[in-house]
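These notes are about the structure you will find just below.
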Amino acid sequence: MPPNDEVPPQDSAASPGSPEPSDPLAGAAPGRLRSTDIARLAGVSVSAVSLAFNARPGISDATRKRILEVAEELNWRPHRAARALKGASNDVVGIVLARPARTLGVEPFFAHVLSGLQSRLSNEGIATQILIVEDTQAEAAVYRRWAAENRIDGLVLFDLAVDDVRPQLIADLRVPAVILGGHGAALPLTSVWVDDHAAMTRILAYLAALGHRIIGHVSGVPSYQHTRRRLQAVADAHETLGLDIVSVATDYSDTQGASATRQLLEANPRCTAIIYDSDVMAAAGLGVATEMGVRVPGDVSIVSFDDSILTQLPHPPITALTRDTYALGTLTATELLHVIAERPEPRAVQAPTPELVLRASTAPPAEP
């Protein structure tokens, strides 16, 4: 008996009126090739073709190889809509971002993370589908629609908020997903997180060691978990390091970063150092200080929480926390592939804490 995934060989002799054996497509349905045609040409069942293309067990390696070789020779792939109806892989990972497109367009962090994500996923033949929406309510609606339509194989969730309902929603939808962010505690989904509290503490300890006592902080969106942890580090430094720190919230844009800088530099007493939650805002803040005639670092020191070309090219170059954001993207993609394949229990994977790179934008405060 032949294996259950194979069809017994046909008699090599052609009957009268039968197609010429030399034509491999003879007998194929008119128009687009179907899985039945591939099964016939490979000498297997239709179910074996499905198992081969979805990388599922149930057929031998030799049979899988024969099926894929036939399909490759004829440049055939399963019809995506039909595969979706059967619950097969779409080879697509979805990302929905509820942020203004204008801020994302100039944010090196997202560009580097997405590059790392796509690089890792591309090795597995998986594409990313990115959608920018107005708010988290619209984001949740997209998740529900994608899940109902079986549009994507997995999700990457950004900008985890305090009391965020999205992780539980996605878990309830049973869509494989990974959160980029978090706090290291238990969540309904696997997360890749960075210790923002420890990173901010490194900046504050460095500025305190230089002698700074009045410090400004241009923060990101206060509702984000990572912003909240940075603000907690600021509050802790007030007690442990004796620092007087004023935080101004922004949407991460260069416009609001510039406005917050002007506000801090016009205050009395004026801060002697400013920390920015992104490189875009740090570069904008440096420009504002220059326009106001405030010397950097003579009158005010500047530090960025993120490092990129935006902090390295200005004069003076900006002291910054540096991390391999491309590697952060590849790590997130690797975890997502694991979740898609194995459906493990959620876990928190900690990425390395950023290191402080000293440049010419920081110095001890000027003598009174």
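Indicate the gyration tensor shape class of the chain (rounded, prolate or oblate), computed on the Cα atoms with a ≥ b ≥ c the square roots of the eigenvalues: a/c under 1.5 is rounded; otherwise a/b larger than b/c is prolate and the rest oblate.
Note, shape of the chain comes out prolate.
Rounded, prolate or oblate: which fits segment 212-253 when a ≥ b ≥ c are the square roots of the eigenvalues of the alpha-carbon gyration tensor, with rounded for a/c under 1.5 and prolate only if a/b beats b/c?
The shape class here is oblate.
Just check segment 98-200 against the gyration tensor rule for me: Cα atoms, a ≥ b ≥ c as the square roots of the eigenvalues, rounded for a/c under 1.5, and otherwise prolate or oblate depending on whether a/b exceeds b/c.
rounded
With an 8 Å Cα cut-off and a minimum separation of 6 or more residues, compute the relative contact order for the chain in percent.
Relative contact order here is 16 percent.
Please compute the per residue accessible area over the chain with all protein chains in place, 1.4 Å probe, rounded to a whole number of Å².
On a per-residue basis, 49 Å².
Roll a 1.4 Å probe over the protein heavy atoms and report the accessible area of ARG270 in Å², nearest 10.
It works out to around 90 Å².
For LEU155, enumerate residues with amide H under 5 Å from its amide H, sequence gap 5+ or separate chain, H modeled in the peptide plane.
Here the answer is GLY94, ALA177, VAL178, since their amide H atoms fall under 5 Å of that of LEU155.
Using the alpha-carbon centroid of each, what span in Å lies between segment 270-339 and segment 136-211?
For segment 270-339 versus segment 136-211, the Cα centre distance is 22 Å.
In percent, how large is the relative contact order of segment 272-327, given Cα pairs closer than 8 Å and 6 or more residues apart?
Here the relative contact order equals 37 percent.
From Cα pairs below 8 angstrom and at least 6 apart in sequence, can you work out the relative contact order of segment 218-368, rounded to a whole percent?
Once divided by the residue count of segment 218-368, the mean separation gives 20 percent.
Considering only protein heavy atoms and a probe of 1.4 Å, how much of the accessible area of segment 104-211 is carbon and sulfur, as a whole percent?
Using a 1.4 Å probe with all protein chains present, segment 104-211 comes out at 52 percent carbon and sulfur.
When the chain is fully extended, how far beyond the present Cα-Cα distance does SER223 get from ARG202, taking 0.36 nm per residue of separation?
Extra length from SER223 to ARG202 when fully extended: 5.3 nm.
Where is the GNM fluctuation largest for the chain (alpha-carbon springs, 10 angstrom cutoff): THR103, THR36, THR255?
Result: THR36 has the largest fluctuation of those listed.
Accessible area of VAL221, 1.4 Å probe, to the nearest 10 Å²?
Its accessible surface works out to 40 Å², give or take rounding.
Which residue, THR319, VAL294, MET281, has the largest displacement toward the positive end of the dipole of segment 256-321 when charges sit on each Cβ (Lys, Arg +1; Asp, Glu -1)?
The listed residue farthest towards the positive side: VAL294.
Starting from the amide H of VAL44, placed 1.01 Å from N in the peptide plane, find each other amide H under 5 Å away whose residue is 5 or more places distant or on another chain.
Those lying under 5 Å, H to H, from VAL44 are VAL7.
Give me, ordered by chain and number, the residues 5 or more places off ALA273 or on other chains with an amide H under 5 Å from its own placed amide H.
Under 5 Å from the amide H of ALA273: GLY216, SER301.
Of the trypsin sites (Lys or Arg not before Pro) in segment 171-242, which ones lie in a loop per DSSP and count no more than 11 other C-beta atoms within 10 Å?
Answer in residue order: ARG174.
In debye, nearest 20, what is the charge dipole magnitude of the chain about its Cα centre with +1 on Lys and Arg Cβ and -1 on Asp and Glu Cβ, if you could check?
Dipole magnitude for the chain comes out near 440 debye.
Say the dipole of the chain comes from +1 at the beta carbon of Lys and Arg and -1 at that of Asp and Glu; which of ALA363, LEU231, LEU51 then lies farthest toward its positive end?
Comparing the listed Cα positions along the dipole, LEU51 ranks first.
Enumerate the calculated ³J(HN,Hα) couplings along segment 141-153 in order (Karplus 6.51 cos²θ - 1.76 cosθ + 1.60, θ = phi - 60°), each rounded to whole Hz, writing x wherever the residue is Gly or Pro.
Whole-Hz 3J(HN,Hα) from phi for segment 141-153: 5, 5, 4, 5, 5, 4, 5, 5, 8, 6, 7, 10, 8.
For the chain, the longest stretch holding no GluC sites (Glu not before Pro) located in a DSSP loop with at most 16 other Cβ atoms within 10 Å is which?
Of all site-free stretches, the longest is 135-265.
The values are calculated or read from the model by the stated rules, or taken from the named source; none is laboratory data. Because the structure is a prediction, the values reported are computed rather than measured. No Cβ is skipped: glycine too gets one built from the backbone with ideal geometry, and neighbour counts run over all protein chains shown. Ligands, DNA and RNA are excluded from the accessible area calculation, which covers all protein heavy atoms including side chains. Shrake-Rupley method; radii C 1.70, N 1.55, O 1.52, S 1.80 Å.
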